[in-house]
Structure formats: C-alpha cells, structure tokens
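Take a look at the structure set out below.
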Amino acid sequence: QVQLVESGGGLVQAGGSLRLSCSASGRTFERNTMGWFRQAPGKEREFVAALTWSHGNTYYADSVKGRFTISGDNAKNTVYLEMNSLKSEDTAVYYCAASSVLYGVRYAGNYGYWGQGTQVTVSS
C-alpha cells in the first residue's frame with residue numbers, strides 16, 4: 001500500500017506562483033514513478049508532470065513545460081510541483097500519483113495510487 005497526501009493548493013492571481021507538495025509513505029517499490037495530474041471541471045484528468053526516482057528523469061506536458069518544475073526529496077519522501085507564471089487555464093484539482101513502473105508515465109492508468117487532490121484556482 002502507498003499513501004499520498006497533497007498540500008499547497010490555493011487561490012493565486014494570474015502570473016503568480018504556487019508550490020504543491022506530495023508526501024508519500026508505504027511500499028517504496030510501488031512508487032518508482034511519481035506523477036502529477038490535474039482535472040478541471042467538465043474535463044478529463046490530464047497529465048502534468050512526472051519524476052522517476054531511480055534515474056531522476058522528469059517529464060512534462062507541453063502546456064506546462066517551462067513554467068512548472070517537478071522535483072523530489074528522497075529523504076523526505078516528498079515530491080514537489082513548482083508552478084510559475086500561472087494562467088487561468090491551470091485552474092484544476094491537482095492529484096499526486098504513484099506508479100511501480102518506469103514507462104508510460106503520461107498515462108493515468110499506469111498509476112496505482114492517488115492522493116485526494118488539492119484545488120488550484122488561478123484568477124485572471
């Protein structure tokens with residue numbers, strides 16, 4: 001089992017920044033890849049960013065590349081999503097997810113564990 005707890009969401013003006021945190025616990029081998037996804041009202045959940053612990057590889061959706069940064073602190077079992085230059089279209093519930101595999105990091109179906117989500121609202 002893996003438990004994920006997100007924090008750091010909130011209301012921010014367009015152009016501002018937020019940092020989300022995801023604290024993980026449980027079986028290490030089931031969280032080889034950590035990802036962030038988001039879901040806006042009326043839309044499907046979409047991939048935002050991912051990090052593989054073993055290689056330190058990072059992956060980003062085109063829509064956030066250059067604005068968002070995913071990072072991890074192994075000692076704290078925590079993954080972060082630094083979000084800069086926020087836009088109104090970034091408004092969504094952001095979910096942290098854990099996967100035991102190192103491939104298909106953009107595919108939500110490969111993630112076996114999910115956090116409860118944290119709301120990010122960007123006002124224009």
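The values are calculated or read from the model by the stated rules, or taken from the named source; none is laboratory data. Keep in mind the model is a prediction, meaning the values are calculated, not measured. Neighbour counts are summed over all protein chains in view; Cβ atoms, including those assigned to glycine, are modelled from backbone coordinates with ideal geometry. Surface areas here come from the heavy atoms of the whole protein model, side chains and all, with no ligands, DNA or RNA. Shrake-Rupley method; radii C 1.70, N 1.55, O 1.52, S 1.80 Å.
Could you please give the count of residues in segment 1-38 that are open to solvent by 60 Å² or more (accessible area, probe 1.4 Å) and more than 14 Å from Met83 (Cα to Cα)?
6
If we scan segment 9-16, do we find a residue that is within 13 Å of the chain's Cα centre (by Cα) and outside any loop (DSSP other than H, G, I, E, B)?
The answer is no; no qualifying residue exists.
I need the full set of residues from segment 11-31 which are touching a Gly at 6+ places or on another chain (Cβ under 8 Å) and within 13 Å of Thr78 (Cβ to Cβ), in order please.
Arg19, Leu20, Ser21, Cys22
Kindly indicate whether Tyr60 is among the hydroxyl-bearing types (Ser, Thr, Tyr) and open to solvent by 60 Å² or more (accessible area, probe 1.4 Å).
Considered against the rule, which asks whether it is among the hydroxyl-bearing types (Ser, Thr, Tyr) and open to solvent by 60 Å² or more (accessible area, probe 1.4 Å), Tyr60 comes out as no.
Does Ala97 fit the bill of being under 22 Å from Gly26 (Cβ atoms), in contact with a helix residue (DSSP H, G or I) (Cβ under 8 Å, 6 or more places away or on another chain), surrounded by 15 or more Cβ atoms within 10 Å (Cβ to Cβ) and at pLDDT 95 or above?
It is true that Ala97 is under 22 Å from Gly26 (Cβ atoms), in contact with a helix residue (DSSP H, G or I) (Cβ under 8 Å, 6 or more places away or on another chain), surrounded by 15 or more Cβ atoms within 10 Å (Cβ to Cβ) and at pLDDT 95 or above.
Step by step: first the residues of segment 39-57, then only those that are among the polar types (S, T, N, Q) and more than 16 Å from Thr78 (Cβ to Cβ), then the one that is surrounded by the most Cβ atoms within 10 Å (Cβ to Cβ). Which residue is that?
It comes out as Gln39.
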